[in-house]
Structure formats: structure tokens, C-alpha cells
1. Determine, from the Cβ-Cβ distance of HIS85 and ALA160 and an R0 of 30 Å, the FRET efficiency 1/(1 + (r/R0)^6), rounded to the nearest 0.05.
2. Leaving ligands and nucleic acids out of the surface, order ILE153, ILE88 by accessible area at 1.4 Å, largest first.
3. What percent of all Cα-Cα pairs in segment 70-185 falls in each 5 Å bin, counting up from 0?
4. Normalise the Cα radius of gyration of segment 95-135 by 2.2 N^0.38 Å (N = residues in it) and let me know the number.
5. What FRET efficiency comes out for ASP92 versus GLU29 if R0 is 22 angstrom and r is the Cβ-Cβ distance? Round to the nearest 0.05.
6. Using Cα centres only, tell me the gap between segment 82-123 and segment 148-185 in whole Å.
Amino acid sequence: MQETAEAMGVDSRNAALAPSIHLRDAHIERIGWMMQAEDHDAYPGGRLFADSLASALATRLLVLQAKKKVSDAKPGRALPAWRLHHVIEYIDAHLDQDLSLAELAGVAGFSRSHFQPLFKQAVGMPVHRFVLERRVERARLRLLEGGRSVMEIALEAGFAHPSHMARCMRRILGVSPSQIAGLSK
């Protein structure tokens, strides 16, 4: 909460949430439902997605408490190109691992709360979406190469299991792994 408050420019005294009874907010409910779904499905999105949800929750709670709107990033501020290149190389080299937001922010040399909006400004999408698309692309290329099982490819691309890979491929590419594998024959 403290780190998120600092990144938002909220007075650090407001970082500790005041007790609130009967708080009802549609954004908080949606974040909560996504967190519950991730927990129920054994975190198929990995730590990176869970970290992003936690940051979104902290931001929303602070915004409600501070009663002010906060934009994603200051206009024109983005991750410097050399740092972005370094982070992307790190992601590609460790795609098969359960990456965390703190880990990627450390590679960039920023706090998590500063890194998220800077990365989004630089690439046009949140970190977890970027990593997911890289995983889908790696899996697509491996499927086209052939010679490996779907399980091996899913794990090498960083998916929790083949069905998680299939869901993501259908959502992002509009095709299933078997359709892609069929193109290589």
C-alpha cells in the first residue's frame, strides 16, 4: 500500500486504510472475483497476474480513500528504451518461469508501482498481457516446428498446463494448438 501510495503521489498518511463498513465498489468486486478465480484455478496466470491484481486493488482502495482520480501514467513518461530492451530480454530468457512484477521491476530498476505504468506507456499494454502474448507466440512457434508434445510446449512457454495454453491461444490468436500444429504438416 505504501509503495502504491508513493507512486500515486498520495500523502503517505493515507496509505494506511481507514476502516470502512459496507464499502461497495464495482471495481473492487471485479478485482476480487478475478483474484478468487485465479486462486480457484491454482493461479494459471502466474505470480505476475496476481501481483497486477494486488496492485490494482491497492490503487483502487487508495483512490477511494483519497477521493481523487489518478491516471495510469504521466503523459509522455515511459520506460527508457534501454531499460525496456533489458526487461524484454529478461522476459524472453525466463518465459518458462513464474515471473513476478517485483522481479521485472527490479530488472528495470524501478519499484513495482513505478514500473507498471511506465511499461504500459512504453508497450501499450499491461505487463501481464505482454508476457502472456510472448508466451502464446513462443508456443505457436514451437507448435509449428513440431516434434514435441503439447505438454512440453506448454511448460516451455510458461503455461501452467496445456489447457491454459489452449485457452490463451484461442483468446489471443483465435485458433487452437491442434489447428496450429496442423499447419506444420
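1. Working: r = 28 Å, r/R0 = 0.93.
That pair, HIS85 with ALA160, gives E of 0.60.
2. Details: ILE153 5, ILE88 35 Å².
Largest accessible area first, the list is ILE88, ILE153.
3. Spelled out per bin, shortest first, that is 2, 12, 21, 20, 14, 13, 10, 5, 2, 0, 0.
4. Numbers: Rg = 9.7 Å, N = 41, 2.2 N^0.38 = 9.0 Å.
So the Cα radius of gyration is 1.08 times the expected 2.2 N^0.38 Å.
5. On the way: r = 35 Å, r/R0 = 1.61.
About 0.05, to the nearest 0.05.
6. 24
The values are calculated or read from the model by the stated rules, or taken from the named source; none is laboratory data. Not measured: the values here are computed from a predicted model. Heads up, the Cβs are rebuilt from the backbone with ideal geometry, glycines too, and the neighbour counts pull from every protein chain shown. Remember, those area values only see protein heavy atoms, side chains included, never the ligands or the DNA or RNA. Shrake-Rupley method; radii C 1.70, N 1.55, O 1.52, S 1.80 Å.
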